[in-house]
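Participant: There's a structure below that I have some questions on.
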Amino acid sequence: MKLVLRNITKRFGSLVANDRISLEVAPGEVHCLLGENGAGKSTLMNVLYGLYKADEGEIELDGKVQHFTGPGDAMAAGIGMVHQHFMLIPVFTVAENVMLGNESTGFAGTLDIDAARERVREISERFGFHVDPDALVEELPVGVQQRVEIIKALSRDAEVLVFDEPTAVLTPQETDELMEIMRQLKEAGKAIVFITHKLREVREVADRITVIRLGKVVGEADPKASNAELASMMVGRPVELVVHKDAPQLGEDAFVVKDLRVRDALGHVHLDGISFTIKAGEVLCVAGVQGNGQTELTEAILGLQEHVEGSVTLDGKELVGRSVRQVLDAGVGFIPEDRQADGLVGGFTIAENLMLNRSFRSPFARRGSLRIAELDEFAKTKLEEYDVRAPDIYTHAGKLSGGNQQKVVVARELSRDLRLLVAAQPTRGVDVGSIEFIHKQVIATRDSGVPVLVVSTELDEVVALADRIMVLYRGQVVGIVPGDTPRETLGLMMTGERPKDVVA
Amino acid sequence: MTTAGLTPAPAPTAGPVVDTVPVVSKKTPIIFGVLTVGMALILLFEGQSGETTFRLAARTDFVQLPELTVPTMAGAWTLTVVCALLTAESVRRYLARRRTPLWLLAVYAVAWMAAFLTWAAAGESVPVVGLLAGSIALAVPLVFGALGGVLGERSGVVNIAIDGQLLFGAFAAAMIGSVTGSPWVGLVAAMVAGALVALVLGLFAITYFVDQVIVGVVLNVLVIGLTSFLFSQVLAPNSESLNTPPRFPRVPIPVLGDIPLIGPVFFRQTAVVYLLYIAVALVAFALYRTRWGLRVRAVGEHPKAADTVGIKVNRTRYRTILVAGAVAGMGGAFYTLVSVPQFNREMTGGAGYIALAAVIFGKWDPIRATLAALLFGFASNLQGVLAVLGSPVPSQFMLMLPYVVTIFAVAGLVGRSRPPAADGVPYRKE
């Protein structure tokens, strides 16, 4: 089935999210839609899937103009979508999820669950998915959940498959498997739209590449184009993909973690006796698939976890058992992984957000009242220094783009005398330009002699920043390896395998 | 340190495995212990003399079970020892990091209850059949209400308005039943009335995204005001023609109704109670085994996912809460068409809130919620029976019993329960 989008325009108020975007996908072809976060890729796909209604433009399937009023219409027309945030019901089984909305029923609307199981098995076998139809979705690994999404689309005889940022949640190995699945689907004659901002993947599977920026098609790129060419098309200016850094000037063992063990209220052990050391002036990157204990590690350091055993010392001072404020006072800067939830107060102004970690004493407060003038002065300086693109310091943080929000968080955390920087997913959902900037700040902090702990699920980021890399798997350290360790090795370690010669 | 070789380490694909420290709640053994000690203290300091008789049969029974007579103190002490043993078993399981199983809880509850009744009814006879049959009667509106609650919440709408649905159902049943002279027409009117309250709830909660808890509470107050006004202005002055509804007659079921103990308790009831049995089975079946139920649960768990497979989220929610309101309305009809043949102000006495507690205690499952509602019904009836027997416990204290049981049930004994993920969250399309 051939899909044609013609001059699709979608506005949200005054914002034009899609500005006359056109796209063609033929059967047996993988067409990549490349663009930064916020470039309008997801909006376009939601229009295609009937979730949004386009203000202008047409969707054509095999030459026929379509008018979708909802996802049901799009599905019936043969469009299947693999959503970035899986549209699966966690407490349902695989078979129930696959049949939902498309149920075969017996007498009086009773569910024919056997038919659904059979359908799952059949598709699963045809593409080698290994999915158990009776497994509960919430108990499946993310990669398998994604296959359930694909099965869901295929069970409805989808001819056009849309993958919306499918690799964001996958391990490198799972990503490779997904690429293989895409090739199989392509050979089976499906038309595939692959939305991503990751250059490596694009070059691997794409037959055609369309780059969009700020809601407009910038042009088509050759799949053989270099990373740098693709990146500059995507961002609109030349970008440095490599962080320039000198060899680290290593100092003492400043930050020492020993036998750290963290469990939650339900008794699940999230960190199982991990130990590591970071020297002053060194970046240690924690690599691993999301959910292997990284969140608990950073929160335990900061004092946000309740059941913590073991020891965490900074410059010889014990941090375990201290309150969060005491930890901050010890000189710990913390960039949380979810800036919207933990890093900022969306309804506060930029200036107010900049003083959140120093709200209770000088320079911004005296005898219980705020010193607005000092704060404004400080905020103005930081806005400029950190290149936060905002009308003024009184703009609400919630109104900023992801990259600018993150710059506010980084500015706040780096504006104190730090003894340790903990940065969790510092560039998640941040545009390429801001990534470049934030990476430079992290390296500058390192070079000022501060130990830095970076947690990232993006291998690119880990490799760019790390002096040493620690891989976590199911709450344990698989190994601590040098920063120049090959990606393949890291990828394997992220699945829990320990290569020879690597010591835990 | 290089990383040339890629052979897996001894632990193959699974890699290091993190264990789970089992967390077993100490709640159950502690509650067992406290209750057992409490029972023992009562027996020590408030000893009774004489014998206690348990009447296991109704006078009209086909097969007459013999009466069971036990010496009060000996019987009560024996049962207390049984409780102590069960407590010990629970503690042993806790120390071995195992949970106290449900059967142990049930046996303990029966043993403790029996000990308490033996003591409280010293020198009297306990009408066991009456106690249980009365519990069912008190539980009927609660079960209907709880079913309505389960349905609503499974589709993602918190149904605080159960009490309003019960009350309006009771009102409509009384009035329409009186006018038409038919209890069946009254029952249908009650269902319509319950659905009407649900419709208003839906309008605010689903269409206008108003906070569902607030709308629910406001609706309850509104219905109280409305029915009280109509009662004093319309029903009371014309009580003969508007507030003397016909009652549903008791219809014993042949054979089943003759089984000793069970028969008189479950199968010598009115048509409304038999409808209740059908409703419980039907709701459970529909929710778990039909397309309709799958979609309702999907909409309550992850509305956006349901939307992306072409299910109309808000339409499904409207339909479900209308059914839920009608079911709760039937519970209201029980008040005026079975219990008392006339409507009174605020006659539900907050039963809807107890039904809501049953929904939570029953973990949003129709069968468990029904059992929870039955437990609350038993607690209410026990209070009444003990007052009649002239037990040594002050009656004012006993009046608290059903509510104390509710609080304990919801707060302490449920264990971990997980509401539908999108319960109470309106669905907005971007």
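Here, each number is a calculation from the coordinates, and none is a lab measurement. Keep in mind the model is a prediction, meaning the values are calculated, not measured. Here the Cβ positions follow ideal geometry from the backbone for every residue, glycine too, while neighbour counts run over all protein chains shown.
Participant: What are the DSSP H helices in chain A that stretch 27 Å or more along their long axis, judged by alpha-carbon atoms, and whose average Kyte-Doolittle hydropathy comes to at least 0.0?
Facilitator: None pass (Cα extent of 27 Å or more, hydropathy at least 0.0).
Participant: Okay, next question. How big is segment A:3-235 on each of its three principal axes, counting only the C-alpha atoms and giving the largest first in Å?
Facilitator: 54, 38, 30
Participant: If you plug each phi of segment A:52-66 into the Karplus form 6.51 cos²θ - 1.76 cosθ + 1.60 with θ = phi - 60°, what whole-Hz ³J(HN,Hα) values come out, in order, with x for Gly and Pro?
Facilitator: Result, rounded to whole Hz: 10, 9, 5, 6, 9, x, 10, 10, 10, 10, 6, x, 9, 6, 10.
Participant: Sequence neighbours fewer than 8 away in the same chain don't count; with that in mind, list the lysines whose C-alpha is under 22 Å from B:Lys27.
Facilitator: Leaving aside lysines fewer than 8 places away in the same chain, those within reach of B:Lys27 are B:Lys363.
Participant: Collect residues whose amide H, placed 1.01 Å from N in the peptide plane, falls under 5 Å from the amide H of A:Leu271; neighbours closer than 5 in sequence don't count.
Facilitator: A:Val262
Participant: What is segment B:33-129's relative contact order, in percent, from Cα pairs under 8 angstrom and six or more apart in sequence?
Facilitator: In percent, rounded to a whole number, it is 43.
Participant: Using Cα-Cα distances under 8 Å and only pairs 6 or more residues apart, what relative contact order does segment A:3-235 have, in percent?
Facilitator: RCO, segment A:3-235: 29 percent.
Participant: Rounded to whole Å, give me the distance from the Cα center of segment B:169-238 to that of segment A:427-504.
Facilitator: Centre-to-centre (Cα) distance: 63 Å.
Participant: Which of rounded, prolate or oblate describes segment A:276-345 when judged by the alpha-carbon gyration tensor and an a/c cut-off of 1.5?
Facilitator: In terms of gyration-tensor shape, rounded.
Participant: Let me know the Kirkwood hydrodynamic radius for the protein assembly as shown, please, with Cα pairs as the basis and the value in Å to one decimal.
Facilitator: Taking the inverse mean of 1/r over all distinct Cα pairs, the protein assembly as shown comes out at 32.4 Å.
Participant: Going by the alpha-carbon gyration tensor, a ≥ b ≥ c the square roots of its eigenvalues, is chain B rounded (a/c under 1.5) or, if a/c is not under 1.5, prolate (a/b greater than b/c) versus oblate?
Facilitator: Judged from the Cα gyration tensor, chain B comes out oblate (a/c at least 1.5, b/c at or above a/b).
Participant: Under 8 Å for C-alpha pairs, at least 6 residues apart: give me the relative contact order for chain A, rounded to a whole percent.
Facilitator: It comes to 14 percent, rounded to a whole number.
Participant: Another question, then. Add -39500 (n - 2.57) for each DSSP H run of 4 or more in the protein assembly as shown, then divide by its residues: what number comes out at 222 nm, to the nearest 500 deg cm²/dmol? Mind dumping the intermediate values first?
Facilitator: Values: 33 runs with 420 residues, N = 934.
Result for the protein assembly as shown, helices only: -14000 deg cm²/dmol.
Participant: Neighbouring Cβ atoms within 10 Å as the yardstick, rank B:Leu56, A:Leu88, B:Leu374, B:Leu203 fewest first.
Facilitator: Values: B:Leu56 17, A:Leu88 24, B:Leu374 20, B:Leu203 13.
Ordered by Cβ neighbours within 10 Å, fewest first: B:Leu203, B:Leu56, B:Leu374, A:Leu88.
Participant: From the backbone phi of segment A:342-355, what are the Karplus-calculated ³J(HN,Hα) couplings (6.51 cos²θ - 1.76 cosθ + 1.60, θ = phi - 60°) in whole Hz, Gly and Pro given as x?
Facilitator: Couplings: 10, x, 9, 9, x, x, 8, 6, 4, 4, 5, 5, 5, 10 Hz.
Participant: Also: If one puts a single equal scatterer on every Cα of segment B:140-370 and applies the Debye formula without solvent, what log₁₀ I(q)/I(0) results at q = 0.12 Å⁻¹?
Facilitator: Results for segment B:140-370 at q = 0.12 Å⁻¹ read -0.63.
Participant: If you don't mind, there's one more thing I want to ask. Taking N as the number of residues in segment B:27-123, what is its Cα Rg relative to 2.2 N^0.38 Å? Could the numbers behind the result be given before it?
Facilitator: On the way: Rg = 15.6 Å, N = 97, 2.2 N^0.38 = 12.5 Å.
Dividing the Cα radius of gyration by 2.2 N^0.38 Å gives 1.24.
Participant: Cα extents of segment A:130-192 along the three principal axes, largest first, in whole Å?
Facilitator: Here the Cα extents, ordered largest to smallest, are 32, 26, 19 Å.
Participant: Dipole magnitude of chain B about its Cα centre, charges +1 at Lys/Arg Cβ and -1 at Asp/Glu Cβ only, in debye to the nearest 20?
Facilitator: The calculation lands at about 1320 debye.
Participant: Taking neighbour counts of Cβ atoms within 10 Å as a proxy for exposure, in what order, fewest first, do A:Ser448, B:Ser339 appear?
Facilitator: Working: A:Ser448 14, B:Ser339 17.
So the residues, fewest neighbours to most, are A:Ser448, B:Ser339.
Participant: Would you kindly state the longest site-free stretch of chain A, with sites defined as GluC sites (Glu not before Pro) in a DSSP loop (not H, G, I, E, B) surrounded by at most 14 other Cβ atoms within 10 Å?
Facilitator: A:1-239
Participant: In whole Å, how far is the Cα centre of segment B:336-403 from that of segment B:121-153?
Facilitator: About 7 Å separates the Cα centre of segment B:336-403 from the one of segment B:121-153.
Participant: Under a 5 Å amide H to amide H cut-off, with H placed in plane at 1.01 Å, what residues pair with A:Ala365 once short-range neighbours are removed?
Facilitator: Under 5 Å from the amide H of A:Ala365 lie the amide H atoms of A:Arg371, each far enough along the sequence or on another chain.
Participant: For A:Leu161, list long-range residues whose amide hydrogen, built 1.01 Å from N in the peptide plane, is under 5 Å from its own amide hydrogen.
Facilitator: Amide H neighbours of A:Leu161: A:Gly80, A:Ala191, A:Ile192, A:Val193.
Participant: Which links in A:Lys152/B:Lys312; A:Lys152/A:Lys190; A:Lys41/A:Lys190; A:Lys245/A:Lys382; A:Lys216/A:Lys245 stretch past 26 Å when you go from one Cα to the other?
Facilitator: Violating the 26 Å Cα-Cα cut-off are A:Lys216/A:Lys245.
Participant: Could you line up A:His268, A:His197 from fewest to most neighbouring Cβ atoms inside 10 Å?
Facilitator: Exposure proxy ranking, most exposed first: A:His268, A:His197.
Participant: Ratio of alpha-carbon Rg to the 2.2 N^0.38 Å globular estimate for chain A, to two decimals, please.
Facilitator: In units of the 2.2 N^0.38 Å rule of thumb, it is 1.05.
Participant: Residue by residue, what Karplus-based ³J(HN,Hα) values in Hz, rounded to whole numbers, does segment B:222-237 have, using 6.51, -1.76 and 1.60 with θ = phi - 60° and x for Gly and Pro?
Facilitator: Each residue of segment B:222-237 in turn: 4, 5, 4, x, 4, 5, 5, 4, 5, 4, 6, 8, 10, 5, 4, x Hz.
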